[in-house]
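Report on the structure given below.
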Amino acid sequence: MKTINMKKIGVFFSIALSIMVVIGLILHFVSDSDITSFLITAGSMFSPLVAVLVTRWLFKEPLFAGLGININFNRWWVIGWLLMPILSLAILGMSLLVPGVHLSTEVLDEVIKDAPVKFGLWGFVVITFLSGLMGGATVNAVLAFGEEIAWRGFLVKELAGKKLIWAAVFIGVLWGAWHFPLILNGHNYPDHPVIGVFMMILMCVCLSPIFVYFRVKSGTLLVPAIIHGTFNAVVPMTNMLVSPAHDLLIGCAGLAGIIVLLLLDAAIFIYDRYISRENLLLKPLEP
């Protein structure tokens, strides 16, 4: 069995987290506009890529070899991409089950009022949703690639020999912890930034098995990049359709989203164990 090089993983994560701490400090002390904050936050998604390249250079390894960067088109590209709209609707439904939360169009009404073209409320929702779906598979996927080359590329390779499910949980912990400088700056959990750090880790732990499973099933890193990009583009839109807002309870990053992700994890386990009968989740990752 392959020995896990924890020193290499530690070097990678130290570099990635150090870059994020610097970005967090910039956001806290320098950034004074929403546009600047957005650009800095979007740029932060490439810090894991930088960390991977530096780590592989330090350990005298080929920079990109063996990380799953290939065009291996198959049905899992489409399944993963279209799964995100379904996930968003499930999270919306779960959010509406939270006591006191109800369907609301107040936020969208304000946006539509200033829109140059009038499509009506639900027409605007559909168009926004579809544009997010397309953006998730294109521009957002490029941004997500900056992360995925680390979490589902470099780390999946380094954790070869470990069972997929436990490797995914380990990756999820690192992935979630890497976000902490952004979370403390109000990203995702503006009203509860400290508790939000732990919520983010929990969400990433629940999301990671889905991404790793699709990485293995598709045979390419590009699929989790598309799923990640589409998740970021489509799923948070559900927050605009519920009221009152509560960052710990509703939406993809709240308790509602975490419950839905756990249910999806369970569905994937049932599919893997009893339908496809591959048992990939309980098998060691292949190098």
Gyration tensor verdict on segment 1-81 (Cα atoms; rounded if a/c is under 1.5, prolate if a/b is larger than b/c, oblate otherwise): oblate
Percent RCO, i.e. relative contact order, over segment 147-287, from Cα pairs under 8 Å lying at least 6 residues apart: 33 percent
I270/V11 FRET efficiency (R0 35 Å; Cβ-Cβ; nearest 0.05): 0.40
Positive-pole candidate from V156, F13, V107, dipole of the chain, charges at beta carbon: V156
Flagged links, alpha-carbon separation over 18 Å, of K8/K60; K7/K162; K60/K162; K2/K283; K60/K217; K2/K157: K60/K162; K60/K217
Separation between Cα centres of segment 57-82 and segment 217-248, rounded to whole Å: 20 Å
Shape of segment 131-227, Cα gyration tensor, a/c cut at 1.5: oblate
Accessible heavy-atom area order of D272, D265, D191, highest first, probe of 1.4 Å: D191, D265, D272
Dimensionless Rg/Rh of segment 175-271 - Kirkwood Rh, Rg from C-alpha atoms: 0.98
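The values are calculated or read from the model by the stated rules, or taken from the named source; none is laboratory data. Quantities reported herein were computed from a predicted structural model and do not represent experimental measurements. No Cβ is skipped: glycine too gets one built from the backbone with ideal geometry, and neighbour counts run over all protein chains shown. Heavy atoms of the whole protein, side chains included, go into the accessibility calculation; ligands, DNA and RNA do not. Shrake-Rupley method; radii C 1.70, N 1.55, O 1.52, S 1.80 Å.
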